[in-house]
Amino acid sequence: MTVLSLLAGMLVALPAGAPPVLPAGDLTGDGTADAIEYVTTDFENCLIVITPADTAGAFAGRTFEHEATGFGDCDYDYFLKGLGQVRDDGSWQLFFDGYLVGELSTLRRTADDFVVETAPRSTQAPVDLTVTDADGDGRDDTVTETSDLASQAFASTVDGSGRFVSSVEVASFPSTTVLTPDDASINYGQPAGILVETTEVIIGFTPTGTTEVFVDGTFVTDVQAPEEFPGVSAVHVDLPLLAPGSHTVEARYLGDTQVLPSRGTTTIRVGQATTTTALTITPSSPLAGSPTKVSVSVRPTPAQGGPATGLVVVLIDWRQPKVLRLAAGKASTTLVLARGRHQVQVAYAGDAFRTASATTRVVTVR
């Protein structure tokens, strides 16, 4: 692959309107990375020294210094620094803050200098600083800081000239979501439900917003959970009818402006509904050689899962099997019986949702 074809491929991959690709640390936009040094002046101050690599123009042969006062010495773990390709011309910009200060700042390039500017709002006691392309247009545009106190976090937007535009508070409080089933083991047809509780685990802010509920990965519903008590929101969710088997129920709390998202799962095991098979013989004392009606009904427990389906077998004295298909849980047939005492047996084979069952009646034919 030639250099030209490689560059052409890179350009095709860039989003429309993306800035040019310049080396990381090119603060002046001339296509070369500039030197950035951090020199400790005392235990709470750090001198930031920028030496452009420009060979011509307003920045050539010059050095620029800024003393970050009160941010801690240059080697302090929480003297935070980050570079972002925020300028429309593809050049980079330095952002910095300190745990002891909580003032997000930047050294923004002007026509011939670097000036200090601060964000409208900053995170207290920051421990992390990231510069990202939030809208995916190829230009870094958002500086986000989080705090180890979980007191707050701010995301600051930067425009194509390197200026701070706005700062908004973003979620930083972790949460946990716990699901408690009404009953972890039920039979088909029984109602299933869960209690969803979401807790903000550090400060005690009550989570607000939407929670989505899924069964076996399929979306069921979304709910707004009211406050149960400070720091905890809770809501009961009725689930759809569950088929026999093991089901994974998941709740996804989507987060709000303060509380981060979280998920919780539980398992509900569903057995087959039990059944009772009954039969009726009409007339109850039949005559030999006359038609005798045998009616069969299969009743599931619980009944909420609907009537039984499938097949029943009718036998006379364990012989002459006759197979019937249930309709709405019932079936019937007509037999002609010989004089004497007979056993009529009926067996329900069961189906995917209901257990098998059987019954026997003794009938005397005159």
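The values are calculated or read from the model by the stated rules, or taken from the named source; none is laboratory data. This is a predicted model, so every value here is computed, not measured. FYI the Cβ positions are ideal-geometry reconstructions off the backbone, even for glycines, and counts take in every protein chain you see.
For the residues 178, 168, the requirement of being out of contact with any His (no Cβ under 6 Å at 6 or more places or on another chain), assigned to a strand (DSSP E or B) and surrounded by 15 or more Cβ atoms within 10 Å (Cβ to Cβ) singles out 178.
Scanning the stretch 72-89 for residues that are in contact with a strand residue (DSSP E or B) (Cβ under 7 Å, 6 or more places away or on another chain) and in contact (Cβ under 8 Å) with a residue 60 or more places away in the chain returns 80, 82, 84, 86, 87.
From 213, 223, grab the single residue that is crowded, with 18+ Cβ neighbours inside 10 Å, assigned by TED's automatic domain parsing to the domain that holds residue 260 and either within 30 Å of residue 148 (Cα to Cα) or without any contact (Cβ under 8 Å) to a residue 40 or more places away in the chain (or both). Explain how you work it out, then say what you get.
Values: 223 fails: crowded, with 18+ Cβ neighbours inside 10 Å.
It is 213.
Going by the structure shown, is residue 79 within 19 Å of residue 41 (Cα to Cα) and either among the polar types (S, T, N, Q) or under 35 Å from the mean Cα position of the chain (by Cα) (or both)?
Details: within 19 Å of residue 41 (Cα to Cα): yes; either among the polar types (S, T, N, Q) or under 35 Å from the mean Cα position of the chain (by Cα) (or both): yes.
When the stated conditions are applied, residue 79 passes them.
When we screen 287, 242, 324 for residues that are out of contact with any Pro (no Cβ under 8 Å at 6 or more places or on another chain), at pLDDT 95 or above and not in a strand (DSSP E or B), the only hit is 242.
Closer than 30 Å to residue 192 by Cα, among the small types (Gly, Ala, Ser) and either outside any loop (DSSP other than H, G, I, E, B) or touching a helix residue (DSSP H, G or I) at 6+ places or on another chain (Cβ under 7 Å) (or both): is that true of residue 255 in this structure? Spelling it out, it is not the case that residue 255 is closer than 30 Å to residue 192 by Cα, among the small types (Gly, Ala, Ser) and either outside any loop (DSSP other than H, G, I, E, B) or touching a helix residue (DSSP H, G or I) at 6+ places or on another chain (Cβ under 7 Å) (or both).
Figure legend. Inter-residue proximity from the stretch 293-314: first residues within 18 Å of residue 273 (Cα to Cα) and in the same structural domain as residue 352 (by TED's automatic domain parsing), second residues surrounded by 15 or more Cβ atoms within 10 Å (Cβ to Cβ) and acidic (Asp, Glu), beta-carbon distance below 8 Å, spacing 6+ or different chains. Indicated pairs: 308/351; 309/351; 310/351.
When the stretch 226-239 is filtered for residues that are touching a strand residue (DSSP E or B) at 6+ places or on another chain (Cβ under 8 Å), more than 18 Å from residue 212 (Cβ to Cβ) and either in a loop (DSSP other than H, G, I, E, B) or in the same structural domain as residue 303 (by TED's automatic domain parsing) (or both), only 231 remains. Taking the stated definitions as given, is residue 141 buried (at least 19 other Cβ atoms within 10 Å of the Cβ) and in the same structural domain as residue 59 (by TED's automatic domain parsing)? Spelling it out, residue 141 is indeed buried (at least 19 other Cβ atoms within 10 Å of the Cβ) and in the same structural domain as residue 59 (by TED's automatic domain parsing). Per this entry, residue 267 is not counted among residues that are within 50 Å of the chain's Cα centre (by Cα), closer than 30 Å to residue 182 by Cα, surrounded by 13 or more Cβ atoms within 10 Å (Cβ to Cβ) and hydroxyl-bearing (Ser, Thr, Tyr). Whenever a residue of the stretch 113-125 is in a loop (DSSP other than H, G, I, E, B), its partners that are of a type in the set (Phe, Trp, Tyr), lying with C-beta atoms within less than 8 angstrom and at least six residues away or across chains, give the pairs 113/64; 119/154; 119/164; 120/164; 121/154; 122/154; 123/154; 125/99.
Would you confirm, using the coordinates I've provided, whether residue 183 is surrounded by fewer than 15 Cβ atoms within 10 Å (Cβ to Cβ), part of a loop (DSSP other than H, G, I, E, B), at pLDDT 95 or above and not aliphatic (A, V, I, L, M)? Yes.
In the stretch 181-204, the residues that are of a type in the set (A, V, I, L, M) reach residues that are at pLDDT 95 or above and assigned to a loop (DSSP other than H, G, I, E, B) with C-beta atoms within less than 6 angstrom, at least six apart or across chains, in these pairs: 192/242.
Under the condition of being closer than 16 Å to residue 90 by Cα and either modelled with pLDDT under 95 or of a type outside the set (D, E, K, R) (or both), which residue from the stretch 108-132 is surrounded by the most Cβ atoms within 10 Å (Cβ to Cβ)?
To start, the set of residues in the stretch 108-132 that are closer than 16 Å to residue 90 by Cα comprises 108-111, 131-132.
Checking the rest, the ones that are also either modelled with pLDDT under 95 or of a type outside the set (D, E, K, R) (or both) come to 110-111, 131-132.
Numbers: 110: 10, 111: 6, 131: 21, 132: 14.
The qualifying residue surrounded by the most Cβ atoms within 10 Å (Cβ to Cβ) is 131.
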